Amino acid sequence: MSMFNRNDKETDVSAPDKPRDVTSASVAAMPKPIQPVAAPAPTPDLSSAKSAGPSVISKALKITGQLESTEDIRIDGEVEGDIHGVSVTVGHGAKVKGSVYGQTVELAGTIEGKIEAKKVILTSTAHMAGDVIHQDIRIESGAYIDGHCRPGTNKTDYKPAVKPN
Amino acid sequence: MGTVMSAAPSRRLLRPPRAEGGPGALASHLSKAITIKGDLESDGELHINGKVQGQICADRLVIGPGGYLEGDVIARDVHIEGRMEGRIFALNVTLDSTAEVNGRIFHNTITVAKGARIDARMPWRPPSYFETLETLPEARQ
């Protein structure tokens, strides 16, 4: 019965962009063992706006598994697994355990594994443990690198086909 | 089901929200060009417009109009505009009119827009159920 009462309070089922009221009202009515709902996320329509842009792995996100994209990827969080992208940026503080394949790979964080890309940029905060296979590389002063740097074959494409595992 | 279940973690699955930074700062966006096979763990927000196969733990999950998730999700808030196959464990679930859900929806509050396609059982659970969730129930059926 109480379920119906609760629903009566909030009748706009057709307005999906403000479910917040439902949640805060009902959670407040419950005995709460924890703090109520998280800080309301005020941007539900951001998803559609962002659907065309690059993928962003924020620092709050940890991925265990394989990423594949035909567009750009920016990583600020943690990834355990291989990454295949066009332009892959590993931001400062980010950590990748696995191989990174792309046309362009820019590293400001940490990679333990391999980079295989046409163009590789290791910025001053980069920490690279593993081999770098490249056609064009830039290493800024301050970058740490432990591994072989070797030019890849002159074939045009980065090759996600060969997967080391 | 083809979802990869990680070795049963002994800690609670529902992530406490992060205090630092705004909600936008911790939001991750997976564009429609991306495919992920594996598990995702976030204590922030996660927007999926691409394809994900695996288990997701997040504070808030949004599956955008083109997004597709195959696997289970544990979150405080789940908002679905895309497609999903698997189980939802969330305090607050919102299914948009374009949503397509197949599986189970464990919820505390749920909002379903007219037009949503749902083929799922929707068991209600008290908030404490989600807070103390450590391992997901085994059977799908």
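Under a 5 Å amide H cut-off, with hydrogens placed 1.01 Å from N, residue A:82 pairs with A:67, A:99 among residues at least 5 apart or on other chains. Here the 3J(HN,Hα) profile of region A:124-137, calculated from phi with Karplus coefficients 6.51, -1.76 and 1.60 at θ = phi - 60°, is 5, 9, 5, 10, 10, 10, x, 7, 10, 10, 8, 10, 8, 10 Hz, Gly and Pro shown as x.
In terms of Cα atoms, the Rg and Dmax of region B:10-141 work out to 13.5, 40 Å. Each of the peptides A:110-118, A:135-143 was scored by the mean count of other Cβ atoms within 10 Å over its residues; in descending order, highest first, they stand as A:110-118, A:135-143. Here the peptides B:89-102, B:43-56 are ranked by packing, the mean other Cβ count within 10 Å, and the order with the highest first is B:43-56, B:89-102. With 24 Å as the limit, write out which pairs from A:97/B:37; B:37/B:114; A:62/A:119; A:119/B:37 have Cα-Cα distances beyond it, or answer none. Pairs exceeding 24 Å: B:37/B:114; A:62/A:119; A:119/B:37. Legend: mean number of C-beta atoms from other chains within 10 angstrom of residue C-beta atoms, peptide B:95-103, equals 1.
Every pair of different Cα atoms in region A:89-137 enters the Kirkwood calculation, which places the hydrodynamic radius at 10.1 Å.
Taking packing as the residue-averaged number of other Cβ atoms within 10 angstrom, the listed peptides B:70-76, A:76-82, A:89-95 run from highest to lowest as B:70-76, A:76-82, A:89-95.
Annotation: amide H of residue B:62 within the under-5 Å range of B:46, B:47, B:48, B:79, sequence separation 5 or more or interchain, hydrogens built in the peptide plane. An ellipsoid equivalent to region B:65-141, defined through the eigenvalues of its Cα gyration tensor, has semi-axes of 20, 13, 10 Å when rounded to whole angstrom and sorted largest first.
The numbers here are math on the coordinates, done by the rules we state, and not lab data. Remember, predicted model here, so these are calculated numbers, not experimental data. Cβ sites come from the backbone with ideal geometry, for glycine too, and all protein chains shown count toward neighbours.
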